[in-house]
Each structure stands twice: as structure tokens, then as C-alpha cells.
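Note sheet for the following structure.
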Amino acid sequence: MNDKYVSPLSERYASKEMQYIFSPDMKFKTWRKLWIALAETEMELGLKDENGNPRISQEQIDELKANAENINYDVAKAREKEVRHDVMSHVYAYGQQCPNAAGIIHLGATSCYVGDNTDVIVMTKALKLVRVKLINVINELSKFADKYKDLPTLAFTHFQPAQPTTVGKRATLWMQELLLDLSDIEYMIDQQKLLGSKGTTGTQASFLELFDGDHETVKKIDGKIAEKMGFKACYPVSGQTYSRKVDARVLNVLSGIAMSAHKFSNDIRLLQHLKEIEEPFEKNQIGSSAMAYKRNPMRSERIASLANYVMTDALNPAITAATQWFERTLDDSANKRISIPEGFLAIDGILDLYLNVVDGLVVYDKVIYQRFMKEIPFMATENIMMDAVKRGGNRQELHEKIRTYSMQAGEQVKKYGNENNLVDLIAADSSFGMSKEEIVKLLEPKNFVGRAPEQTKEFLSEVIKPILDANKDILGVKAEINV
């Protein structure tokens, strides 16, 4: 295994569940289920042979079903070396196991019947797994937000200290973006349709021939196949393939999740730099080969790295969809085989990392408080000034003094590396009529966070809780991180 390239998405990042969804075994077992659905549909619609007798029997269907799972891969591979056609090789291999039904396998269909329908089935299954993990990330974030809903922290605009918020409120911003992604993914799952069985150019001409020109009967084929495969419908019209815009829409949803995860990872990396919040760090984990003291935010960085891949990968199906010709061209095939699975494998790895990071976030409340108190005197000047005015001070004079003192205190901090002495400067000025203790009392952090705690509680109870309650059966997923 060490003498050939293996995708890191499989080796390092994606879960076994997602890898199986895009595995050959899943693909070829789905092909057989589709062949059974087609044969059953043709039998139920009364397909006759040239003598007017039923063309397909229940015995043949039973034979196909009995061999649906035990795929003879060796036979299929040997046959493909001869005929250079994967679908016909598997038709042949299936027929070897089902000699009585061999003549009805793939009857009237083209390769895209199994290829495209399987692609939709696999993508839908993968979207459902992504949805499960997305909801579990939201669940973990909700616990974090609830725990720290009252913990004041400096907010940042332009990465400059701004009006305070709370640690929990900041987490709701990460959750809000994931809710947009959840809405998109649920919409996309609901929108998924099969290609059905449309024939070589989408006209169903081969089926019209099989059913002696009976349009009403042929019209029923797609609906019955969709129902048997667990879908609501097939696309009403198509060329040989379903529109490649479907792939683009799916990967755009994954790209949206990548954007949200990347933004979260950026915030965690910045907070770790500030020593306020850290991602989990294992007991024996090495942060740097040269600097033994380092605790690099490696998982958050990996989220960002994989997210970059997913966002750019979304261009692949967009370009493919834009450049298809008429009823079909085959320049979609090689790209599609790579871009779709790897987009899902990458987003799967991202969500496992996201879940792992949130589950183990470490909050350093004393560091958060210390930084808060270094900056809050500047932000509290309005409160201090108004309190001094109530005591009889002149607002215009006090405003000018605070401006001057703020500049002096700022100079002490920036130019000389000293502590913020703004409170001392104001307390020493009798025109404010306030002691240092009185001023410090005004600097209580909770006085500056507005409705952040209440907004967090309301968001969790009114928005998040109903979603989690409706999905309680899929909560509790734990992520395995390989590296």
C-alpha cells in the first residue's frame, strides 16, 4: 500500500461511513437494486414477449433479489478487461449468477440508468449523513453557548476592541451560519429526484418499442422506479443524463458549510492567539518540531485548509454543467468521479473536526477578564461622564478632560507598555467628584454587554431547541480524528 498514491481524504480525514457511501460496493449494489426496480416495473406494467406472454416472471425477479448483495467482482473485472465497459461487465456478471433472469437485466435501459440514478442516490445518502453531523455540531455549540452565555468578553470589529459581548453570544453567531447551511441542505435533500429510465437521449424510445407504442404505460415507468428506490419523483425531462446543474447545486451546499466552518476556525485561531480560548490539545500532542512549548491550533487550521478545498471544488461541477453539449457529452465523467466524492469526503472531515474542536474547547475566563479590564475604561467614559454630570459636573468640560486623559492613558499603554491608568487620572480630578472605588464599580463587565445573555437564551430556546428536539434521535455523534 506504500507504493501508490492514496487520497488523504480517505487515509486521514473522512469517516468510514462517508467512505462507504462512495465505495464501489455501495455503487454496484445500488446498480443491482436499480435493475431489480426496472424489471419489477416492467413486469407490473405487463411487458409481453412477441407471443403475447408475460416477458418477466416473479421467479426471475426472485432470482435477481437473491443475488443482489453477493456481487461476483472477479467475474465483472475479468469481463471489463475484455469489453472495456463497466456497466455491461456488471450486467454480464449478474447474469452469470442469475441464469434464468440474465435476459431481462437492464432491459430497455442505457448505462446512465444505473450510473446517473446511482449518483443521485449516493449524493442524497451523503447529504443525509452531512445533515446528521451538522445538527450534532449545532448541538455541541448550543451547550457551549449556554454555558458561557453570561461570560463578558471584548467583542472585535476590524479585530479592534469594540463594545463587549459574551462568549456564549459569539457562539450563536457561528450557529446562525450553520442554520443557513442546514436550511440549504434540507432543501436540497427534499429536491433530489432520480433520472428515471429515459433511454439514450431522454425520449424513452426503447420503452415505447418494448410496450408496443403504449404511451400511457411508458409514462408510468419513472414514477414506479422512483417509488421503489425511495424517491418522490424523477425529473420530468432529461437528455441522456440528469442536468449536471444538480451536481453544482449539491456542491454549492457543501461550499456553504465550508464557508461557515472556515469562519469558525478563523475565530478560534485568533482567540487562541489571544490566549482566551483554545482548541483541545492532547496530553502527548506535539505543537512544533522546533518550539516544544507551542500549542498550535492544528485542528482549526485543518478545518480552514479542507474548507478552502471544498469551496474551490464547487467550481468543478459548475464548469462541467456549463460546458455540456445538447443531450450529453462525456467530458463530465472523469471530473465527476473525482469532484463529487472528494467534496463530500472533505466536508465530512471538516464536520468531524468541527465537532471535535467544539466538544473540547478550553475557555480561560481570567485572561478574558484581564483583557476586558484593560480596555473597558476607554469604553466606559460615557458612563463615567454621565454619572459625574449627575453629581453637578459640566458636561462639556468633563468631555474635554476625558478626551485628554484617554489620550494620555493610551500613550502609557502603547508607547511605554504601562497599565491603563485612565481610572487613576479621572479619580484624581476633583471636577468629576468620584472616588476610584466608585469609578471601578461602574466598570463591572456585565454592565456593558447589553442584551447578549438574553439574546443567547432566547436564541437557544426559541430557535435551536425545536430543531434539536425534532432530531433527538440522531444526537450524540462523536467524531474520530485520525491525525
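Here are some notes:
- Any chance ALA162 is free of Cβ contacts under 8 Å to residues at least 60 places away in the same chain and either farther than 30 Å from SER23 by Cα or buried (at least 21 other Cβ atoms within 10 Å of the Cβ) (or both): yes
- Screening the range 52-158 for helices (runs of 4 or more DSSP H) wholly inside it with 1 or more residues that are among the aromatic types (Phe, Trp, Tyr) and within 36 Å of the chain's Cα centre (by Cα) returns the ranges 73-83, 111-147.
- Among (1) in contact with a helix residue (DSSP H, G or I) (Cβ under 7 Å, 6 or more places away or on another chain); (2) surrounded by 19 or more Cβ atoms within 10 Å (Cβ to Cβ), the one test that VAL75 misses: (2)
- Index of the failed condition, PHE207 passing every other in (1) surrounded by 22 or more Cβ atoms within 10 Å (Cβ to Cβ); (2) assigned by TED's automatic domain parsing to the domain that holds LEU254: (2)
- Failed criterion for LYS128 (all others in (1) of a type in the set (Lys, Arg); (2) crowded, with 18+ Cβ neighbours inside 10 Å; (3) over 30 Å from TYR369 (Cα atoms) hold): (2)
- Any chance ASP49 is more than 22 Å from VAL122 (Cα to Cα), modelled with pLDDT of 95 or more and either surrounded by fewer than 20 Cβ atoms within 10 Å (Cβ to Cβ) or of a type in the set (S, T, N, Q) (or both): no
- Meets criteria (within 17 Å of ALA66 (Cβ to Cβ) and either assigned to a helix (DSSP H, G or I) or modelled with pLDDT under 95 (or both)) for LEU9: no
- Of all residues assigned to the range 380-402, none qualifies as being among the basic types (Lys, Arg), closer than 30 Å to ILE350 by Cα and outside any helix (DSSP H, G or I).
- Among residues of the range 319-334 being buried (at least 17 other Cβ atoms within 10 Å of the Cβ) and part of a helix (DSSP H, G or I), the one that is modelled with the highest pLDDT is THR320.
For (1) touching a residue at least 12 places away in the same chain (Cβ under 8 Å); (2) surrounded by fewer than 16 Cβ atoms within 10 Å (Cβ to Cβ); (3) polar (S, T, N, Q); (4) assigned to a helix (DSSP H, G or I), each residue gets a yes or a no:
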| site | (1), (2), (3), (4) |
| --- | --- |
| GLU411 | no, yes, no, yes |
| LYS414 | no, yes, no, yes |
| LEU425 | yes, no, no, yes |
| GLU437 | no, yes, no, yes |
| VAL440 | yes, yes, no, yes |
| ASN447 | yes, yes, yes, yes |
| GLU454 | no, yes, no, yes |
| SER461 | no, yes, yes, yes |
| PRO466 | no, yes, no, yes |
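- Per the conditions (1) part of a loop (DSSP other than H, G, I, E, B); (2) within 36 Å of the chain's Cα centre (by Cα), the sole criterion not satisfied by LEU38 is (1).
- ASN356 crowded, with 17+ Cβ neighbours inside 10 Å and out of contact with any strand residue (DSSP E or B) (no Cβ under 6 Å at 6 or more places or on another chain): yes
The values are calculated or read from the model by the stated rules, or taken from the named source; none is laboratory data. All figures in this text were calculated on a predicted structure; none of them were measured in a lab. Glycine also receives a Cβ, built like all others from the backbone with ideal geometry; neighbour counts cover every protein chain displayed.
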